[in-house]
Amino acid sequence: MKTASKLGLILTLALVLTVIVSSAGLTQEMNDKDYNQYLLKMLNDDNLGIRSSAAQLLGERKVQEAVKPLAKMLKSEKHYAVRIMVALALYQIGTEEVLPVLKDRAKRDSNKTVRHVLAGLIESMETNQYAKK
């Protein structure tokens, strides 16, 4: 399967999972803490679409407790598209410890696309950081 097809499949799975979770009302049935714990648990799922969706939702929700698990996942995740989603989630959370993690991975990641995405996120974080001062 071509890389573009794989990425399209991953993104489609992530979107479908997000719609299913939203329509099932899990966010309404669980309190925020339970839902965040559920998403953290899903970072270890066998399905890469579920891992990617969980990372995306943690980033959108700005769950600070997710920084360490996401940082670990950024280092160990095998699929580059999931690593990109994890990097974006870390960027969205945006705590102080995120920038050094992204910088480290920008130097070490084996995939050129991931390194470029990380570089863009780092530049954006640094620009925003200086703009706040």
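The values are calculated or read from the model by the stated rules, or taken from the named source; none is laboratory data. All values reported here derive from a predicted model rather than from experimental measurement. Every residue, glycine as well, gets a Cβ built from its backbone with ideal geometry; the counts of neighbours run over all protein chains shown.
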State which residue pairs qualify: first residue among the hydroxyl-bearing types (Ser, Thr, Tyr) and inside the range 67-86, second residue part of a helix (DSSP H, G or I) in any location, beta carbons under 9 Å apart, and separation of 6 or more residues or different chains.
Tyr80/Thr3; Tyr80/Leu7; Tyr80/Thr113; Tyr80/Val114
Which one of these is of a type in the set (S, T, N, Q) and either touching a Leu at 6+ places or on another chain (Cβ under 8 Å) or within 28 Å of Ser5 (Cβ to Cβ) (or both): Asn128, Asn111?
Asn111
Matching residues in the range 46-65 (under 11 Å from Gln92 (Cα atoms) and either part of a helix (DSSP H, G or I) or within 10 Å of the chain's Cα centre (by Cα) (or both)) number 7
Testing Val117 on (1) among the β-branched types (Val, Ile, Thr); (2) surrounded by 17 or more Cβ atoms within 10 Å (Cβ to Cβ); (3) in a loop (DSSP other than H, G, I, E, B), one condition comes back false. Which one is that?
(3)
Could you tell me which residue of the range 89-114 is farthest from Met42 (Cα to Cα), considering only residues that are outside any helix (DSSP H, G or I) and of a type in the set (Gly, Ala, Ser)?
Ser110
What do you reckon, is Val86 touching a Leu at 6+ places or on another chain (Cβ under 6 Å), within 24 Å of Leu7 (Cβ to Cβ) and part of a helix (DSSP H, G or I)?
yes
If only one of Val82, Val67, Val117 is over 23 Å from Lys41 (Cβ atoms) and hydrophobic (A, V, I, L, M, F, W, C), which one is it?
Val117
Which residues, counting only those in the range 1-11, are more than 16 Å from the chain's Cα centre (by Cα) and either at pLDDT 70 or above or small (Gly, Ala, Ser) (or both)?
Ala4, Ser5, Lys6, Gly8, Leu9
In the range 12-45, how many residues are assigned to a loop (DSSP other than H, G, I, E, B) and at pLDDT 95 or above?
3
